[in-house]
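Q: Can you keep this structure in mind? I'll have questions shortly.
The values are calculated or read from the model by the stated rules, or taken from the named source; none is laboratory data. Just so you know, these numbers come straight off a predicted model, no measurement behind them. Neighbour counts are summed over all protein chains in view; Cβ atoms, including those assigned to glycine, are modelled from backbone coordinates with ideal geometry.
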Amino acid sequence: MHTVQALSRLVEHNQIYAYLMIFAVTIVEGEVISISAGILVALGALNFWVSLLAIFCGAFLKTFSGYSIGKFLNKKFYHTKFLQYVEKKVLSIMPRFEEKPFWSIFISKFIMMNHVVIIFSGYKKINFRKYLKAEFTSTLIWAPSLLLLGYFFSYAAFRISKRLSEFTLIIVLFIVGFFLVDKLISFLYDAFQNIFYGEE
C-alpha cells in the first residue's frame, strides 16, 4: 500500500533536489509550490527554514528579472497594440497604480496578479526603490503564510487519511478551495476599484 510516509521518505532522501525545485518553480509559479513545500514540511520531509529560504530566493529572483523584462518591453515594444491592451487592463484593475505604486504592487502579491504587475512595474519605470520595498514587504508576509497554509492543509489531511491516494485527493481539494477563495477576493477587489474609481 502506498502511504504518505513513503512519499515523505522519498522526498527526505532527495532534499537537495526538492529545495532546488522549490527555488526554480517559485520563479514561475509561487502559490502551489509554496503550499506544497508546507505540506512536505508538515510531513517531516523538508525543513521549514530551508524551504522558506528557497522560496524567498526564487521570489526575489522573479522580482529582479520581472522588472528587467518590463524595462526591456518598454524599450523595444512600447507602441505595440498588445502591450497597450495589457496596460489598459492592468490600469482598469489598479487605477491608482502610477499614483500609489507601492500599494498596487503590494496587493498584487495576494490576488494572483503579481507576475503581470512585476513586469508592468518595469514597463512603466516605477521608482525601483519603491518597487523593491513593496515587493520585499509583501514577500515577507506572503511566503511564510503560504508555507504555514500548506502545513495546515497537510495536518488536516493526514488526520483524515494516511493513504497516499486519499491524502492527495484531500490536498488537491484544499488547494482548489484556496484558489477559489483567492479568485473571489480578486473579483471583489476588482469590483471595489470599479465602484470607487471607475467613473474617473
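Q: Give the residue, chosen from Ile105, Ile118, Ile126, that is touching a Lys or Arg at 6+ places or on another chain (Cβ under 7 Å) and either farther than 21 Å from Pro144 by Cα or part of a helix (DSSP H, G or I) (or both).
A: Of the residues listed, the single one that is touching a Lys or Arg at 6+ places or on another chain (Cβ under 7 Å) and either farther than 21 Å from Pro144 by Cα or part of a helix (DSSP H, G or I) (or both) is Ile118.
Q: Failed condition for Tyr78, given (1) farther than 21 Å from Ile185 by Cα; (2) at pLDDT 80 or above, with all others met?
A: (2)
Q: Return the total of residues in the range 58-68 being surrounded by fewer than 16 Cβ atoms within 10 Å (Cβ to Cβ) and either within 30 Å of Lys162 (Cα to Cα) or of a type in the set (A, V, I, L, M, F, W, C) (or both).
A: Kept after step one, since they are surrounded by fewer than 16 Cβ atoms within 10 Å (Cβ to Cβ), are these residues of the range 58-68: 61, 64-65, 68.
Next, from what is left, pick out any that are either within 30 Å of Lys162 (Cα to Cα) or of a type in the set (A, V, I, L, M, F, W, C) (or both): 61, 64.
Residues flagged as surrounded by fewer than 16 Cβ atoms within 10 Å (Cβ to Cβ) and either within 30 Å of Lys162 (Cα to Cα) or of a type in the set (A, V, I, L, M, F, W, C) (or both) within the range 58-68 amount to 2.
Q: Only one of these conditions is not met by Ser36: (1) surrounded by 16 or more Cβ atoms within 10 Å (Cβ to Cβ); (2) over 19 Å from Ile175 (Cβ atoms); (3) within 16 Å of the chain's Cα centre (by Cα). Which number is it?
A: Unmet for Ser36, out of (1) surrounded by 16 or more Cβ atoms within 10 Å (Cβ to Cβ); (2) over 19 Å from Ile175 (Cβ atoms); (3) within 16 Å of the chain's Cα centre (by Cα): (2).
Q: Return yes or no: is Phe23 part of a helix (DSSP H, G or I), among the aromatic types (Phe, Trp, Tyr), surrounded by fewer than 21 Cβ atoms within 10 Å (Cβ to Cβ) and in contact (Cβ under 8 Å) with a residue 60 or more places away in the chain?
A: no
Q: Ok, one more. Looking at this structure, is Ile35 part of a helix (DSSP H, G or I) and either of a type in the set (Asp, Glu) or within 28 Å of Lys125 (Cβ to Cβ) (or both)? First the steps, then the outcome.
A: On the way: part of a helix (DSSP H, G or I): yes; either of a type in the set (Asp, Glu) or within 28 Å of Lys125 (Cβ to Cβ) (or both): no.
No; evaluated as a whole, the condition is false for this residue.
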